[in-house]
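A.B. asks: Below is the structure I would like to discuss, written out as C-alpha cells.
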Amino acid sequence: MFQLTFLCAILHMVCYAVSNPATNYVYSYEEDALFRLHIIPAVWSDAALRCQLEGGVLASPTSRGMAQAMLSTMEIHKLATSVFIGTTGILSKGDFKSLDGTDLAKTSLEWAAREPNNANNAEDCLAMNELGALEDVSCSNLLPYFCRKESTKKCRVTHVKSLCKNHGYKWESDTGSCYKFHGAAKSWRVALATCHSEGGHLAIINNENESKLLKKIYKEHVENIVVAKESRHALIGFRRWDDGEWATIHGESLGEAGFGQWSPGEPNNSGEEKCGSIHDNGLLNDAPCDEPFAFICEIAP
Ligand SMILES: [Ca+2]
Ligand SMILES: [Ca+2]
Ligand SMILES: [Ca+2]
C-alpha cells in the first residue's frame, strides 16, 4: 500500500507539477510533452547540457501554440528577457538547426526587427524574445531557457482523467475516452466550440465498440434532450467538407477514423445536411449544420 501511494505521488509530481514550472516539469496536453522553465540564466551549451542531464532537450517552440504557452509561463515569472531555444547555427553556419528536429519554418514564428543580424559575426544561437519573435544571439549570452521531456502514456491518461473530472465527463474503460452528453441543443458549429472550451472535441467514432457505447449514452440521456424539433440523433465530430468528402474534425476520412457505417437511407442530404450526427441506433446520419440538436463531446487520451 505504501509503495502504491509512493508511486502515485511520484507520478503526480512528474505529470502534474503544474504549480511551478520554474522548479518542476509541467505537462502540456497540446504538445503531449513535459516542460520546465529554468529561470537561472546559462550560456547556450550549459543550458543544452543541463536539459540533457535531466533526460530532456533544450526546447524549441514547435508551433505558435507552444510559443504562446512558453510566453505565458515567462510572463507569470515576470521574465522580460529572451530565452534560449534549442536551435543553433553552430554546426551549419547560417542554417539554423534545432536539437529536437523542429523545423522553424513550420512554426510561423517571425524574426524580431533587424534580426537575424549576426552582430559582430558572433551570433550562432537563437533566442525567442518576450514578444515571441526570434533573434540570433551570441551563444555566450546568459539567458533563461526551457527544457522539454517526452511524456509517458500514463501522464496523458492522468491528465485526461483530471480534465474529465473537472468538466463533468464520464470515463469509459471500453474505449479509454471520456464523454459528455449535452442535452441542450446547439448548432454543429456552437457544439464544436462548446466541446473545445471543455478541453475536448465533438465525439469521433473510432470503432464499432465506440458506436455501441455512444448509442448507450444517447439512450441514457434521451430524457434530458431539449430540442425544438423531434429528432433521434446527436451531433458528433464529422462533416462533409468543401471538397465533398466526409471526414472527421481531425481530417481523417471515416474509414481512416475506423467507423463509417451509415444508418439505413443515410446520408440523404434532406434539405441540406452537411454535418455529422449519430442516430439513436448507433449509426451515422447527415444533419443540417444550422439547426440545434443534442451533441456528444469526447476527451480522448
Ligand atoms: Ca542578433
Ligand atoms: Ca473516439
Ligand atoms: Ca440525414
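A.B. asks: Give me log10 I(q)/I(0) at q = 0.15, 0.22, 0.24 Å⁻¹ for the range 200-272, Debye formula, one equal scatterer per alpha-carbon, no solvent.
C.D. replies: Log-scaled intensity ratios, in q order: -0.59, -1.21, -1.33.
A.B. asks: Another question, if that's okay. Which percent of Cα pairs goes in each bin when the distances of the chain are cut into 10 angstrom slices starting at zero?
C.D. replies: 6, 23, 24, 19, 18, 9, 2, 0
A.B. asks: Now for a different question. Which peptide among 139-152, 251-264 comes first, and what is the full order, when sorted by highest mean count of other Cβ atoms within 10 Å?
C.D. replies: 139-152, 251-264
A.B. asks: Let me ask something else about it. May I ask you to evaluate 6.51 cos²θ - 1.76 cosθ + 1.60, the Karplus curve with θ = phi - 60°, for each residue of the range 282-294 and list the ³J(HN,Hα) values in order in whole Hz, giving x for glycine and proline?
C.D. replies: Karplus-based 3J(HN,Hα) across the range 282-294 equals x, 9, 7, 9, 9, 9, x, 6, 8, 7, x, 9, 5 Hz.
A.B. asks: Ordered by packing density, taken as the mean number of other Cβ atoms within 10 Å over each peptide's residues, highest first, how do 232-242, 37-47 rank?
C.D. replies: With the highest mean Cβ count within 10 Å placed first, the list reads 232-242, 37-47.
A.B. asks: Additional query: Looking at Gln68, Ile40, Phe238, which one has the Cα that reaches farthest to the positive end of the dipole of the chain (charges on Cβ: Lys, Arg +1; Asp, Glu -1)?
C.D. replies: Ranked along the dipole, the leading option is Ile40.
A.B. asks: Under the rule of at least 5 residues apart or a separate chain, name every residue whose amide H is placed under 5 Å from the amide H of Ser177.
C.D. replies: Glu172
A.B. asks: Using Cα pairs under 8 angstrom and six or more residues apart, how large is the relative contact order of the chain, in percent?
C.D. replies: Contact order relative to length: 17 percent.
A.B. asks: Pairwise over distinct Cα atoms, reciprocal of the mean inverse distance: report the Kirkwood radius of the range 153-299 in Å, one decimal place.
C.D. replies: 15.2 Å
Each value in this text was obtained by applying a stated rule to the coordinates, not by laboratory testing. A quick note: this is a predicted structure, and the numbers were derived from the prediction, not measured. Glycine also receives a Cβ, built like all others from the backbone with ideal geometry; neighbour counts cover every protein chain displayed.
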